[in-house]
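A short write-up of the structure that comes next.
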Amino acid sequence: MISDVLWKFRKFSQRLWVRAALITGLALVAALLAPLGHYLPFQIKVKIDRSTLDDLLDILTNSMLTVATFSLSIMVTAHLAADANSTPRAYRLLQQDGRTQTVIATFLGAFVYAVALKIMLSVGIFAGDELALIAMVTVGVIALVVVAILRWIGHLDGLGSVEATMRGAENRAQISIDRQNDWPYLGGRALPRGIPADAWPVRASATGYVQNIAMRELSKLTDEHGVKVFLTRRPGDWIAHGEVLLRVSGAAPEAEADFRDCVAIADRREHGQDLVFSMLILTEIGERALSPGINDPRTAVYATSRLLRLLLSLLPEREAETPEAPNVHVPSLDLAGVVETVLDPIARDGRGFFEVAHAIQTAARDLGRHPAPAVARGAHKLSARGLSYARDGLLLAADFDRIAEHAVAHAPAPRIDAEG
């Protein structure tokens, strides 16, 4: 389980300016500590003249600001390309790319380091015997810059492309699924059918999506007050102001604010505990590829296969023998709803493409063998809906028959006009 403080810190640290400010600050500290080199327990006997050090610093000052600015323009271009060709949610995914942030921050930090040392050299702060140590540190900084450039070149391969964006979205979704597998019910217990009658409600103070539930803080509150908590929402659920967020059995209503603060509500969904949102990025990429302006059904097939791989790795939610939050009860993850949410839009928008309809039925067939009964039920429903979409979208009866051969559903889902 992740504490509320750690979750907020992760969100804060994923911003580009935070990493850039941190590395720039470290570079500035390194430059300011340079005059203290004579306090080291050893001495460097290599003689370095002022002109040699000036040349090394000129390399950094003349190139790093340009490289950082150019890299920022590449990053913005890649983000806009992902926004236009994939989905706006993919833009946010790339915005949090740690490698891109570290590389750009390294370039900026090297520039600040060099400028600070140039100023200090100009005012005569350094003694002659300190120049060798400063030169060695500067060579080390140049080496770090070279490594950063090589990493940046390797990272630019496909940056902003649909394929790289799908790969990043799948990796992010897999992290969320692994966390769900390791911490079923978010580390708590399953929500019982009947909530105690004395449980009083804690209502939402804002309207939006549940982004994160601080299970560790909730568990501490239950121990302090000797109560049990029954959540009515999971991360990713929409909740309106005044609706019941959770119920508490056994504590005085004065503690309501403490329990409410353990649930983060905002205007958009967030990666982490909300594993469905991470998978929906792949769904949206598949939908965008099926639009008339792009008309790329093969990308939708690839998105379907990645979603299938993710769903197959999602284990049935079973209560742990020793939950980390034993007094916090969490609603079960709707596995059947997850299957429908992430795959049905592709089946609907790809109804006119044989390869997409075939991929949907293949995914439904494989998911039908999932150990979780809810996933199998969702797969049968997906198969029936996919057959109904394909029947209305395909032009050839032979294509529909080939798709139906792979379907786990016995018949297409009924249409509105067929129901009367």
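The values are calculated or read from the model by the stated rules, or taken from the named source; none is laboratory data. Being a predicted model, the structure only gives us computed values, none of them experimental. All Cβ positions, even for glycine, are placed from backbone atoms using ideal geometry, and neighbour counts span all protein chains on display. Calculation scope for accessible area: heavy atoms of the full protein, side chains included, ligands and nucleic acids excluded. Shrake-Rupley method; radii C 1.70, N 1.55, O 1.52, S 1.80 Å.
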- Note on the structure: Quick calc: nm separation of the 7 Å Cα→Cβ label points for Asp49 and Ala266 -> 5.6
- Candidate residues Tyr113, Tyr91: accessible-area rank, largest first, probe 1.4 Å: Tyr91, Tyr113
- Query: Can you give the angle from 0 to 90° between the axis of helix 16-33 and the longest principal axis of the chain, with both taken from C-alpha atoms, to the nearest 10?
  - Reply: 20
- Message: What does the C-alpha gyration tensor say about the overall shape of region 259-363? Classify as rounded when a/c is under 1.5, otherwise prolate if a/b is larger than b/c, or oblate.
- Response: prolate
- Message: Using a 1.4 Å probe on the protein heavy atoms only, what accessible surface does Leu387 show? Give it in Å² to the nearest 10.
- Response: 10
- Query: So what is the relative contact order for the chain, in percent, with contacts set as C-alpha pairs under 8 Å and at least six apart?
  - Reply: 16
- Helix-only CD estimate at 222 nm, as mean residue ellipticity for the chain, using -39500 (n - 2.57) per DSSP H run (n ≥ 4): -20000 deg cm²/dmol
- Message: What does the extension gain come out to for Asp182 and His410, with contour length at 0.36 nm per residue minus their alpha carbon separation?
- Response: 78.5 nm
- Message: On a full-extension model of 0.36 nm per residue, what is the gain between Ala397 and Thr69, subtracting their alpha-carbon distance, rounded to one decimal in nm?
- Response: 112.4 nm
- Item | Solvent-accessible surface ranking, highest first, for Arg203, Arg369 at 1.4 angstrom | Arg369, Arg203
- Message: Tell me the angle of helix 275-289 to the major Cα principal axis of the chain, expressed in degrees between 0 and 90 and rounded to the nearest ten.
- Response: 80
- Angle in degrees between helix 50-85 and the longest Cα principal axis of the chain, rounded to the nearest 10: 10
- Message: Give me the count of lysine pairs in the chain whose alpha carbons sit under 23 angstrom apart, restricted to pairs 8 or more positions apart or on different chains.
- Response: 5
- Among Phe111, Phe259, what's the order by accessible area (1.4 angstrom probe), most exposed first? Phe111, Phe259
